[in-house]
Amino acid sequence: MALVPVEEALRLLLDGVDPLGHEKVALDDAVGRVLAADVKALRSQPPFDVSAMDGYAARASDLAANAALKVVGQSAAGHPFGNEITAGEALRIFTGAVVPKGADVVVEQEAAKRDGESVTLPAYPAGKNIRPAGHDFREGAILLEKGHRLNARSLGLAAAADRATIECARRPRIALFSTGDELAMPGEGGAYDRVIVSNPFTVRALAESEGASVIESDVLKDRVEVIVDAIQHARTNGADVVVTMGGASVGDHDLIRPALEKINAEIGFHRIAFRPGKPTLSAKIGKTHVLGLPGNPVSAFVCAFVFLGPLLRKLQGHSEPITKPLPAILGIDLWANDERADYLRATSMWDEQGRRVVTPFLKKEQDSSLTATLAKADCLLLRPANAPAAKKGDVVQVLPLA
């Protein structure tokens, strides 16, 4: 069975994937969600000319004579003056306050000379220290585009645009199943031959960070009928994606593909030219996507990062579902690669020129069972299939993990 290249596997996985439905979401609940429609400003920001300083508002034409001006009142945020400034007049004004009609300049208080009810101000050009109406954005402007994933900064922008709710893609519903008679949950202990399962925790955290809602998570025995029942129950329960971890290879105890074939799943690919994670499998049952990940912890996480993440983003209509690699400088000499693309766990730092310098862990530390190495890594160093040996200082490609 020929191994499928990584790029082809991603294409097969994502081709034909349509975004899920959409829903109105309150701003308080929208961080990490993906926009299903453009966000337009419902008002201009600021909606009127405002002062950028504590000081005095006046007419620029009155300042050139360096004459004392009559202070006729004040304007504070939420408490505008309400009248027009005329020749020979000035207004005490505070940051964020409405600049009254007639005034076209604000002089900061440190430059003013106040004497009772009059003030002398230096000559400033018109517009100085004034934020004009619409300086940030205008009513009706598109501020955030469909497909944008909302973060703290974009939520602040939506709030400033007077949007209490925004239209977001529905969260993908995901079911997670680890398979293996040898598995035990953390804290259960048990016989020496039991393996403490970690994959549900890493993959769940990754899926939720991508906006998914985990509706089921369980550890299954190595029985075809048990796996079939779990997948069918997840589908009945509304799962958009079923992720299995373990049992994805082709040995006698690897039962994910036989279980999928028993329920007439359409296999997209099985076994890819990828390290760690050659046994990865993709299938579809009706509208439900199934991603079969290897059981080794590093393989499960890396494959979830490379394949599950883009699938969840595509289901939410993300504008760029596949993460683009970034350039980095290799920190050590690197061995030649074989016929599989290699995603090496690595750490990085920045040199004096602001370049990311990446250092992969040693070859013996790249084993797909080493969770301690994975926890220390902050990026994956991409090595194409059949890449020749590389030298320290060469430009390479990395996928940051954070």
Checklist entry - What pairs can you find where one residue is in the stretch 187-213 and farther than 20 Å from residue 246 by Cα and at pLDDT 95 or above, the other is surrounded by fewer than 21 Cβ atoms within 10 Å (Cβ to Cβ) and of a type in the set (D, E, K, R), and their Cβ atoms are less than 7 Å apart, with a gap of 6+ or different chains? => result 213/173
Checklist entry - How many residues are in a loop (DSSP other than H, G, I, E, B) and touching a helix residue (DSSP H, G or I) at 6+ places or on another chain (Cβ under 8 Å) if we restrict to the stretch 89-122? => result 3
Checklist entry - Within the stretch 189-204, can you find the residues that are out of contact with any strand residue (DSSP E or B) (no Cβ under 8 Å at 6 or more places or on another chain) and over 17 Å from residue 292 (Cα atoms)? => result 189, 191, 192, 193
Item to check | Residue pairs meeting the criteria (Cβ under 9 Å; at least 6 apart or on separate chains; first surrounded by 14 or more Cβ atoms within 10 Å (Cβ to Cβ), in the stretch 120-138; second in a strand (DSSP E or B) and among the charged types (D, E, K, R)) | outcome: 120/113; 120/114; 121/113; 129/108
Checklist entry - In the list 370, 374, 344, 380, which residue meets the criterion of being touching a Pro at 6+ places or on another chain (Cβ under 6 Å), surrounded by 15 or more Cβ atoms within 10 Å (Cβ to Cβ) and under 24 Å from residue 206 (Cβ atoms)? => result 344
Checklist outcome for this item: Selection from the stretch 139-153 of residues touching a residue at least 12 places away in the same chain (Cβ under 8 Å) and closer than 25 Å to residue 312 by Cα yields 143, 144, 145, 146, 147, 148, 149, 150, 151, 152
Next on the checklist: For the stretch 218-269, which positions are without any contact (Cβ under 8 Å) to a residue 60 or more places away in the chain, surrounded by 16 or more Cβ atoms within 10 Å (Cβ to Cβ) and assigned to a strand (DSSP E or B)?
Outcome noted: 219, 220
Checklist entry - Tally time: how many residues in the stretch 130-175 are part of a strand (DSSP E or B) and farther than 19 Å from residue 49 by Cβ? => result 12
Checklist outcome for this item: Among (1) under 29 Å from residue 282 (Cβ atoms); (2) in contact with a Gly (Cβ under 9 Å, 6 or more places away or on another chain), residue 325 falls short only on (2)
Checklist entry - Which of the residues spanning the stretch 23-43 are surrounded by 19 or more Cβ atoms within 10 Å (Cβ to Cβ) and either closer than 18 Å to residue 78 by Cβ or charged (D, E, K, R) (or both)? => result 33
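Condition check ((1) surrounded by fewer than 24 Cβ atoms within 10 Å (Cβ to Cβ); (2) not assigned by TED's automatic domain parsing to the domain that holds residue 214) across all residues:
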site: 288; (1), (2): yes, no
site: 296; (1), (2): yes, no
site: 309; (1), (2): yes, no
site: 340; (1), (2): yes, yes
site: 352; (1), (2): yes, yes
site: 358; (1), (2): no, yes
Next on the checklist: Filter the stretch 315-329 down to the residues that are buried (at least 20 other Cβ atoms within 10 Å of the Cβ) and of a type in the set (A, V, I, L, M) and list them by number.
Outcome noted: 315, 328
Checklist outcome for this item: Across the stretch 297-314, the tally of residues that are closer than 16 Å to residue 176 by Cβ and either small (Gly, Ala, Ser) or out of contact with any helix residue (DSSP H, G or I) (no Cβ under 7 Å at 6 or more places or on another chain) (or both) stands at 5
Checklist entry - For residue 53, all conditions in the list (1) within 30 Å of residue 167 (Cα to Cα); (2) of a type outside the set (S, T, N, Q); (3) surrounded by 15 or more Cβ atoms within 10 Å (Cβ to Cβ) hold save one; what is the number of the exception? => result (1)
Checklist outcome for this item: The one condition residue 65 fails out of (1) closer than 17 Å to residue 119 by Cβ; (2) hydrophobic (A, V, I, L, M, F, W, C); (3) surrounded by 16 or more Cβ atoms within 10 Å (Cβ to Cβ) is (3)
Next on the checklist: Scan the stretch 7-25 and tell me whether some residue there is part of a loop (DSSP other than H, G, I, E, B) and within 21 Å of residue 142 (Cα to Cα).
Outcome noted: no
Next on the checklist: With within 30 Å of residue 394 (Cβ to Cβ), basic (Lys, Arg) and either assigned to a helix (DSSP H, G or I) or in contact (Cβ under 8 Å) with a residue 12 or more places away in the chain (or both) as the only criterion, which of 314, 278 stands out?
Outcome noted: 278
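The values are calculated or read from the model by the stated rules, or taken from the named source; none is laboratory data. Being a predicted model, the structure only gives us computed values, none of them experimental. Ideal geometry is used to build each Cβ from the backbone, glycine not excepted, and the neighbour counts take in all protein chains shown.
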